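Accompanying notes for the structure given below.
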Amino acid sequence: MILYERPQNWMRYELQAILPELTGAKAALISLTAMPYQKSWAEKLQAVQLKREITGTLRMEGADFTERELDAALQELPAQLFTRSQRQAASAVATYRWLAQ
């Protein structure tokens, strides 16, 4: 059984009326944070998410590139990038990584 911790100095509410939703939310949080996962899964998901964020950001800015160009921009050194889109993608990657630190 998961007990809900009632907040201190919060608005008044009918605890019994919202207890199932609060308990369900807390159970979901506990199960997601306690669930074991392989580190490689998280790293792969982060790489996919990074590509999505970069693609979305650059497309909003008008950059036009192929999937192959984006992959090259993620892996190559800045001096090895040929197209403007690749350089934009490499700059976006560097920015996202800097923000993450």
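What are the pairs, 6+ residues apart or on separate chains, where a residue within the range 5-27 that is at pLDDT 75 or above has its Cβ under 7 Å from a residue that is surrounded by 10 or more Cβ atoms within 10 Å (Cβ to Cβ) and of a type in the set (A, V, I, L, M, F, W, C)?
T23/I2; K26/I2; A27/I2
Being among the polar types (S, T, N, Q) and either within 30 Å of E67 (Cα to Cα) or in the same structural domain as A63 (by TED's automatic domain parsing) (or both), is that true of even one residue in the range 41-52? Step through it out loud before you land on a result.
Just the residues of the range 41-52 that are among the polar types (S, T, N, Q), to begin with: 46, 49.
After this cut, where a residue has to be either within 30 Å of E67 (Cα to Cα) or in the same structural domain as A63 (by TED's automatic domain parsing) (or both) as well, the list is 46, 49.
Within the range 41-52, one or more residues are among the polar types (S, T, N, Q) and either within 30 Å of E67 (Cα to Cα) or in the same structural domain as A63 (by TED's automatic domain parsing) (or both).
Quick check on my filter: what residues within the range 34-61 are of a type in the set (A, V, I, L, M, F, W, C) and under 16 Å from V93 (Cα atoms)? Don't jump to the end; show me each part of the working.
Residues of the range 34-61 of a type in the set (A, V, I, L, M, F, W, C): 34-35, 41-42, 45, 47-48, 50, 54, 58, 60.
L45, A47, V48, L50, I54, L58, M60 - these are the residues of the range 34-61 that are of a type in the set (A, V, I, L, M, F, W, C) and under 16 Å from V93 (Cα atoms).
Report whether or not K26 is among the basic types (K, R) and surrounded by 10 or more Cβ atoms within 10 Å (Cβ to Cβ).
Details: among the basic types (K, R): yes; surrounded by 10 or more Cβ atoms within 10 Å (Cβ to Cβ): yes.
Yes.
For the range 1-23, which positions are surrounded by 10 or more Cβ atoms within 10 Å (Cβ to Cβ) and either among the polar types (S, T, N, Q) or closer than 27 Å to R97 by Cα (or both)?
T23
I'm checking my understanding of the structure. Among residues of the range 74-86 that are assigned to a helix (DSSP H, G or I) and of a type outside the set (A, V, I, L, M, F, W, C), which one is nearest to A100 (Cα to Cα)? Quick ask: steps written out before the conclusion?
Looking only at the range 74-86, we keep the residues that are assigned to a helix (DSSP H, G or I), and these are 74-75, 78-80, 84-86.
When the remaining residues are screened for being of a type outside the set (A, V, I, L, M, F, W, C), the result is 75, 78, 80, 84-86.
Numbers: Q75: 18, P78: 20, Q80: 24, R84: 24, S85: 22, Q86: 21 Å.
Once the filter is applied, the top-ranked residue is Q75.
May I ask you to say which residue of A63, A34, A73 is loosely packed, with under 10 Cβ neighbours inside 10 Å, of a type outside the set (D, E) and over 18 Å from the mean Cα position of the chain (by Cα)? Lay out the reasoning, then the answer.
Working: A63 fails: loosely packed, with under 10 Cβ neighbours inside 10 Å; A73 fails: loosely packed, with under 10 Cβ neighbours inside 10 Å.
Unique residue meeting the criteria: A34.
Residue-wise test of (1) part of a helix (DSSP H, G or I); (2) of a type outside the set (S, T, N, Q).
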| position | (1), (2) |
| --- | --- |
| A42 | yes, yes |
| Q46 | yes, no |
| Q49 | yes, no |
| E53 | yes, yes |
| A63 | no, yes |
| E69 | yes, yes |
| A72 | yes, yes |
| Q88 | yes, no |
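What do you reckon, is L99 at pLDDT 80 or above and out of contact with any Phe, Trp or Tyr (no Cβ under 9 Å at 6 or more places or on another chain)? If you could, list the steps in order and put the result at the bottom.
Working: at pLDDT 80 or above: yes; out of contact with any Phe, Trp or Tyr (no Cβ under 9 Å at 6 or more places or on another chain): yes.
Yes; evaluated as a whole, the condition is true for this residue.
The values are calculated or read from the model by the stated rules, or taken from the named source; none is laboratory data. Since the structure is predicted, the reported quantities are computational estimates derived from the model, not experimental observations. Every residue, glycine among them, receives a Cβ derived from its backbone with ideal geometry; neighbour counts consider all protein chains shown.
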